[in-house]
């Protein structure tokens with residue numbers, strides 16, 4: 001009977017020793033900052049990616065004269081088809097858009113009284129028109145009479161004088177009107193947005209250029225915009 005009791009005590013001591021050793025091991029593992037396998041938590045590893053050094057495209061707003069409002073100038077007689085300024089301008093605006101987008105620019109096409117003109121923030125807002133049906137020739141360009149950034153807008157006019165004149169063969173026509181310098185869209189955009197209105201030619205004297213050779217007009221406008229944006233970038 002004493003022998004059975006001794007053996008039972010030995011088993012209890014052995015079990016106690018095993019539990020004690022296990023406890024010591026757990027404390028030692030935790031003290032070194034490790035976790036037992038069953039305690040390992042799922043960890044999401046986030047691999048840092050290099051910041052993209054991309055620059056958003058510049059936005060050029062093209063206002064298609066009279067679009068969504070009226071026809072503008074209407075030319076024609078019994079011997080010739082009727083020509084509407086709004087249609088001539090819209091065709092050229094679309095061709096300019098294609099050229100500018102191919103250069104990586106973002107282009108916004110606006111109608112005459114487009115709601116998006118209000119507080120427009122863009123690298124340039126250029127309103128395109130074609131003048132009346134009288135048989136004279138030439139282009140006209142103007143910026144706001146009360147511009148907050150006249151030096152900037154004069155650079156766009158200088159680019160037009162250089163590139164638009166060269167591609168179209170047109171000369172500047174001095175008949176800039178108050179309607180141009182006080183153009184309604186000028187009052188709607190943000191003051192820091194450069195704004196210019198360009199009468200691309202007269203539907204009377206320059207009809208052939210505007211309707212049959214629009215690629216020359218488009219090249220002149222596109223290069224004028226390129227010239228202006230390059231100068232603005234160099235200034236920055």
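A short reminder: the numbers here are calculations on the coordinates, not readings from a lab. For clarity, every value in this text was computed on a predicted model and none was experimentally measured. With ideal geometry, Cβ positions are generated from the backbone for all residues, glycine too; neighbour counts draw on all protein chains shown.
By how many nm would the segment from residue 69 to residue 165 grow when fully extended, if each residue of separation counts as 0.36 nm and the alpha-carbon distance is taken off?
Working: separation 96, 0.36 × 96 = 34.56 nm, distance 2.91 nm.
Contour length minus Cα-Cα distance gives 31.7 nm.
With a/c under 1.5 counting as rounded, go ahead and sort segment 126-236 into rounded, prolate or oblate using the C-alpha gyration tensor (a ≥ b ≥ c being the square roots of the eigenvalues; past the cut-off, prolate if a/b is larger than b/c, else oblate). Mind dumping the intermediate values first?
Details: a/c = 2.29, a/b = 1.36, b/c = 1.68.
Verdict is oblate for segment 126-236.
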- Label-zone membership for segment 126-156, site residue 87, 7 angstrom Cα→C-beta point, backbone N under 19 Å: 129-134
- In nm, to one decimal, how far is the modelled label at residue 98 from the one at residue 231, with both set 7 Å along Cα→Cβ? 2.9 nm
- Message: Between residue 59 and residue 154, what is 0.36 nm times their sequence separation minus the Cα-Cα distance? Round to one decimal in nm.
- Response: 32.3 nm
- Nearest-0.05 FRET efficiency for residue 121 and residue 77, computed from C-beta distance (R0 45 Å): 0.50
